[in-house]
Amino acid sequence: MKTAADQQLVKRINRSLLLRLVRKQAGLSRAQLASEAGLTKSTVSALVRELVLEGWLAETPSTQGRGMGRPSTPLHLNTSSRAVVGVDVAVDQLRAVVVALDGTLLWSTHIPLKDTDPDWVCQEVARLVVLAQSQAELSSMHLTGVGVGLPGPVDESTGRVRFAPNLGWRDVDVLLKLRRALAQLGIVNVPVHVQNEADAAALSETEFAPGNADENLVFVVCDVGVGAGIVLNDRLFTGAHGMAGEIGHSVLHLDGPLCSCGRRGCAEAFFGARALQGVADLSLAGRCLGLVLQNLWTSFDPSVIVLGGASCITHHDLVQQAQETLQAYARSAGVAPPRVRQARYGRLASAVGAASLVLHHYLRPLQHTRQDGAAQTRALAATAGY
Ligand SMILES: [Zn+2]
């Protein structure tokens, strides 16, 4: 027997399905949505009415079908009603953005990170969120959610940062601290999400991709820290403890240079920003980055590898050498390598990606709901019409 909670979950699943379909193909009508989603027209009409009223979807008056009965109305994401806010806690600064539902960047700012005390950082993040909210409200948009990217592995089930060596953090309950800091400034009842900065950056490429997103993508961040965000089958892959993609500490050379983590020969010790300082010839660093790309390719078989972070934006010779190295490995194996391209949002990739966390969670209720497994199973069965 279906419970009220099951029915609510089924409704959330259906709403997110419709939103994802419209996001993928703007201009769909209610009838086309019903066909694509496998739902009845009356169900789709009721859900679309809600989504339009709530500012998720908007209608475009159609001229098609004039004189041939009731015209169909194309639907698209409402880009002027809801805003998502992202904050990237980088090693030396905080970057904040306001983004529309389709990924249009509406506003951005950055301030220096003067202290790394977790409580202080969370209060600064909260202040930036209030500033971002006021910017959104100037355009009559309201805050739909907040995402924060952090330079360390994040345990998604608890919202704790396991360690962030470049901030000196270890096992910090950052989600709780953020919620408290936001509540003190009057921001309550707004979803708040935290994630590793590279994972967030990967989502900036998939959640806001025009048309069909790459379902298998690796985003490599090269900055003071080196990391990767991995999207597999349209889902973020973070591993058992949030540590998947910590490629900065994959060892490239036995007895190589000492790394900040205590190991020798880590990738970060070859092409982390500190290792690049004062180095005129980046060919070894570029070959090492290319080696990491080759290993990511054979490990995850992505359709595209995106390069981001300050080092990839600043050092063209580093990127070129890395690309040549990857191509050389591909020629040796006689296999075409994945596409490699630069980050769509440049230095703001992690901040925009943090904002996209709000959508990533909202549009995947089964993945992120805190309900128990049995309720999910019942809801799935109900969705399938059993
Ligand atoms: Zn290391």
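The values are calculated or read from the model by the stated rules, or taken from the named source; none is laboratory data. Given the structure is predicted, the values throughout are model-derived calculations rather than measurements. Glycine gets a Cβ as well: all are built from the backbone with ideal geometry, and neighbour counts include every protein chain shown.
With Leu203, Leu236, Leu217 as the choices, which residue is within 17 Å of Leu359 (Cβ to Cβ), modelled with pLDDT under 95 and away from the ligand (no atom under 16 Å from the Cβ)?
Of the residues listed, the single one that is within 17 Å of Leu359 (Cβ to Cβ), modelled with pLDDT under 95 and away from the ligand (no atom under 16 Å from the Cβ) is Leu236.
Quick one: in the range 220-233, which of the residues that are touching a Phe, Trp or Tyr at 6+ places or on another chain (Cβ under 8 Å) and more than 13 Å from the ligand (Cβ to nearest atom) is nearest to Leu289 (Cα to Cα)?
Looking at residues that are touching a Phe, Trp or Tyr at 6+ places or on another chain (Cβ under 8 Å) and more than 13 Å from the ligand (Cβ to nearest atom), I get Cys222.
What about Leu53, is it modelled with pLDDT of 95 or more and farther than 30 Å from Val154 by Cβ?
Answer is yes for this residue.
Which pairs do you get when a residue that is over 30 Å from Leu167 (Cα atoms), found in the range 210-225, comes within reach of a residue that is assigned to a loop (DSSP other than H, G, I, E, B), reach meaning Cβ atoms under 6 angstrom, with the pair 6+ apart or on two chains?
Asp214/Ser303; Glu215/Asn233; Glu215/Asp234; Asn216/Pro302; Asn216/Ser303
Looking only at the range 1-45, count every residue that is among the charged types (D, E, K, R) and either in contact with a strand residue (DSSP E or B) (Cβ under 8 Å, 6 or more places away or on another chain) or closer than 20 Å to Thr79 by Cβ (or both) and tell me the total.
Qualifying residue count, the range 1-45: 6.
Ala285: within 12 Å of the ligand (Cβ to nearest atom) and either of a type in the set (Val, Ile, Thr) or part of a helix (DSSP H, G or I) (or both), yes or no?
no
Please tell me if Gly245 is within 16 Å of the ligand (Cβ to nearest atom), in contact (Cβ under 8 Å) with a residue 24 or more places away in the chain and not in a strand (DSSP E or B).
Judged against the criteria, Gly245 is a match.
Would you pick out the residues in the range 9-42 that are more than 22 Å from the chain's Cα centre (by Cα), in a helix (DSSP H, G or I) and loosely packed, with under 15 Cβ neighbours inside 10 Å?
Those that are more than 22 Å from the chain's Cα centre (by Cα), in a helix (DSSP H, G or I) and loosely packed, with under 15 Cβ neighbours inside 10 Å: Ala31, Ser35, Lys41, Ser42.
When only residues in the range 266-282 that are buried (at least 17 other Cβ atoms within 10 Å of the Cβ) and in a loop (DSSP other than H, G, I, E, B) count, which is nearest to the ligand (Cβ to nearest atom)?
In this case the residue turns out to be Gly272.
Within the range 251-264, which residues are within 9 Å of the ligand (Cβ to nearest atom), part of a loop (DSSP other than H, G, I, E, B) and either assigned by TED's automatic domain parsing to the domain that holds Val154 or surrounded by fewer than 19 Cβ atoms within 10 Å (Cβ to Cβ) (or both)?
Ser260, Cys261, Gly262, Arg263, listed by residue number.
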